[in-house]
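This report concerns only the one structure given below.
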Amino acid sequence: MRTLVLIRSLLFSLLLLGLSAASFAQIGISVSFGPPVLPIYAQPICPGEGYIWTPGYWAWDGNYYWVPGTWVLAPEIGLLWTPGYWGWGDGAFFWHEGYWGPRVGFYGGINYGYGYFGRGYEGGRWDHDRFYYNTYVNHVNETIIHNTYNTRIENGSENRVSYNGGYGGINVRPSGEEESYGRERHVGPIAAQNQHAQQARSNPELRASVNHGRPPIAATSRPGDFDGSAVPASEAEAPYRAPERTANVNQNRPPNARTNNYDHATDVQSHQYTATSTGNPATDEKYQQQQDKLAAKQNQEHQDLQQQQEKEHEQIVQENASDAQKQQMEQRHAQQTQQLEQKHAAQQQEIKTHQQPQQSVPQSHPPAPKP
């Protein structure tokens, strides 16, 4: 058995040499609003030696759906799992895919639990060709698996926010070591993990719009085992309701492009308009002054809304509000920002219409007098 494992490890090592760290840094999915909070669930028992826990996460295919946490047989001796995470940037949430590597890199500071408390992995370690499990954070049958230890881990944060950055997100940046770990040789999810995620995608009950943040299958003992070893979520902080907005999937947005998918007033670029040339310098100057006056008024309204939203955000942090309350605030801010942007777009279109050069109407000539 040990020989087969070593052969598998050797073959897999050859595959790793041809892959770069950048290949799995980020895939082209961006969403205008963040995923639900992480549900609470009990970890299923480890099925055997060499299996490493991979936490559950919210995935996206036009809607959020839950991919249950599961135990995965490590593809090579010595490899550890770095979970994927949602991160805010460039006006949207982007998915950063997880990967297998010799050390655990940055995963957004997300507290996935069971050893993944935001930095590194406290659930176990490799010692030569065997993986040793920390039973303080893992559910392991020690009568079958003897390579265990018990080290108390102080998990100070109970935050279940599932994304990094943005309003209400985890405010953590990668350390220099974590960045270097991300550049080491590694590979993305293996076939069993991809099949596990596809099976989750095809299950309607795992969609947040159906389970409202409390998936009936929160975790499994093995990838794809959604029946016998499935564990439901024990708690959802509040029913999840997604805002009625769209997402950009595999879309490259041009620089300075304006859209209606803004989440906060800080995301909106300053308005600056250029009047259409009429060919008359005096008229062009007059029209440009009107455009500048409109842009100044709109920018002031954006600034007022930004200050209001920042004040509400500071207040809800000071009150130590629940994740559900934070999420409701985020949705309200998104609605406010988008409504203001729509109003401003209509104002600009109206003034632009009034400034259009009037087309001259052909003059009708009276009939020539009869001789």
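The values are calculated or read from the model by the stated rules, or taken from the named source; none is laboratory data. What you see is a predicted model, and the numbers here were worked out from it, not measured in a lab. We place every Cβ from the backbone using ideal geometry, glycine too, and count neighbours over all the protein chains shown.
Return yes when residue 325 is more than 20 Å from the chain's Cα centre (by Cα), polar (S, T, N, Q), outside the structural domain of residue 165 (by TED's automatic domain parsing) and within 25 Å of residue 93 (Cβ to Cβ) and no when it is not. So residue 325 does not fit the description; no.
Would you confirm whether any residue within region 303-314 is modelled with pLDDT under 70 and not acidic (Asp, Glu)? No, because not a single residue in region 303-314 is modelled with pLDDT under 70 and not acidic (Asp, Glu). Over 20 Å from residue 55 (Cβ atoms), free of Cβ contacts under 8 Å to residues at least 24 places away in the same chain, out of contact with any strand residue (DSSP E or B) (no Cβ under 8 Å at 6 or more places or on another chain) and acidic (Asp, Glu) - does that describe any residue in region 126-141? Yes: region 126-141 contains one or more residues that are over 20 Å from residue 55 (Cβ atoms), free of Cβ contacts under 8 Å to residues at least 24 places away in the same chain, out of contact with any strand residue (DSSP E or B) (no Cβ under 8 Å at 6 or more places or on another chain) and acidic (Asp, Glu). Is one or more of the residues making up region 187-196 surrounded by fewer than 13 Cβ atoms within 10 Å (Cβ to Cβ), among the polar types (S, T, N, Q) and free of Cβ contacts under 8 Å to residues at least 12 places away in the same chain? There is at least one residue in region 187-196 that is surrounded by fewer than 13 Cβ atoms within 10 Å (Cβ to Cβ), among the polar types (S, T, N, Q) and free of Cβ contacts under 8 Å to residues at least 12 places away in the same chain. Among the numbered conditions (1) more than 24 Å from residue 62 (Cβ to Cβ); (2) at pLDDT 80 or above; (3) not aromatic (Phe, Trp, Tyr), the only one that residue 207 does not meet is (1).
For residue 271, the requirement of being of a type outside the set (A, V, I, L, M), modelled with pLDDT of 70 or more and under 30 Å from residue 64 (Cβ atoms) is not met.
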